[in-house]
């Protein structure tokens, strides 16, 4: 979803995409049946069929008895109107939520609150407060500006906001420019319709995420990004202003939870309520950051250094692929890098090498922007 914002990990040149790929390219190359089966298992394991909750001023979503559009693209259009809170015709709203961040072992690494007042794409105010970070972002006609910044707000936290508020592709043109296929998952009480993109019709932003909806209404229940092994689960839906929002959000990477978010209150802003959207004088312009697929980033690579094989790992016959998550600056240099997965004995060597890599700056509307992506470093004993 394309909401221009700093360190934003949910864009993928729209969302999970392959910018610059040839026309009619088939951009989902995966074992769809196995992947969709894993979605169904994960969905049931997450317990996403619990009763609705009722935060302040928001009504629990009542079960629907309608019929989903049979055409996958029509279903995506309907889902966009129902699930996204950031667009034309949306009444001003206010959301307050609590969150927790987790490490790979499941331990809480941070927790706090997220609050947002939204009146239009150019009039908003959102605040993140954690134990180790805080920031307030103001939206205006001149763009996004930051104030009261302490520490570094995790990219995951910014992604959670977008998964909550704009979980579907932000631009309708992305849907119109994509061919989809739909598959039904029916496991008794678990009934979902999953939509998968299979081709792009013309040049432009694309979205490679798989979306799974309720069988009776286009409520987004799970979004999966195959390129990064990330899944977002939506549960305990609330309704306000003819839109739906997840009362509970769970984000997972490689099958492990890394963030949960719980809505404390959600409501339409009363016209009599005065909200100050004016940024303070010391606010600074936010750096735009988008996320692109590893394949797109690989095409931007201009210089790479082969990592040194750790002697102990080599002698112990340890090999494999280290997956890194990094941020490429506007100048093409790596600004931030961390290992997501792979043999721990090889991770440091991969990080040290990739920190020296250089990329061609990524241009969006002719201007360089920061890029967040994944990088695979393969350690092969025979080479």
Q: Answer yes if at least one residue in region 155-172 is part of a strand (DSSP E or B) and in the same structural domain as residue 265 (by TED's automatic domain parsing), and no otherwise.
A: no
Q: Please verify whether region 289-312 includes one or more residues that are on the phi > 0 side of the Ramachandran plot, surrounded by 17 or more Cβ atoms within 10 Å (Cβ to Cβ) and at pLDDT below 95.
A: no
Q: Collect the residues in region 362-380 that are at pLDDT below 90 and at negative phi, keeping them in residue-number order.
A: 362, 363, 364, 367, 368, 369, 370, 371, 372, 373, 374
Q. Do we have residue 275 as closer than 30 Å to residue 115 by Cβ and either in contact with a strand residue (DSSP E or B) (Cβ under 6 Å, 6 or more places away or on another chain) or at pLDDT 90 or above (or both) here?
A. yes
Q) Can you tell me which residues in region 286-318 are closer than 19 Å to residue 373 by Cα and part of a helix (DSSP H, G or I)? A) 294, 295, 296, 297, 298, 299, 300
Q. Within 23 Å of residue 254 (Cβ to Cβ), surrounded by fewer than 17 Cβ atoms within 10 Å (Cβ to Cβ) and modelled with pLDDT of 90 or more, is that true of residue 348?
A. yes
Q | Residue within region 276-284 that is more than 26 Å from residue 225 (Cβ to Cβ) and outside any loop (DSSP other than H, G, I, E, B) present | A | yes
(Q) Going residue by residue through region 253-269, is there one that turns out to be assigned to a loop (DSSP other than H, G, I, E, B) and either within 24 Å of residue 218 (Cα to Cα) or without any contact (Cβ under 8 Å) to a residue 40 or more places away in the chain (or both)? (A) no
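For region 72-85, enumerate the residues that are in contact with a strand residue (DSSP E or B) (Cβ under 7 Å, 6 or more places away or on another chain) and either outside the structural domain of residue 164 (by TED's automatic domain parsing) or surrounded by fewer than 22 Cβ atoms within 10 Å (Cβ to Cβ) (or both).
73, 75, 82, 85
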Q) How many residues does region 319-345 hold that are at positive phi and in a strand (DSSP E or B)? A) 1
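The values are calculated or read from the model by the stated rules, or taken from the named source; none is laboratory data. Not measured: the values here are computed from a predicted model. Here the Cβ is made from the backbone with ideal geometry for all residues, glycine too, and neighbour counts use every protein chain on show.
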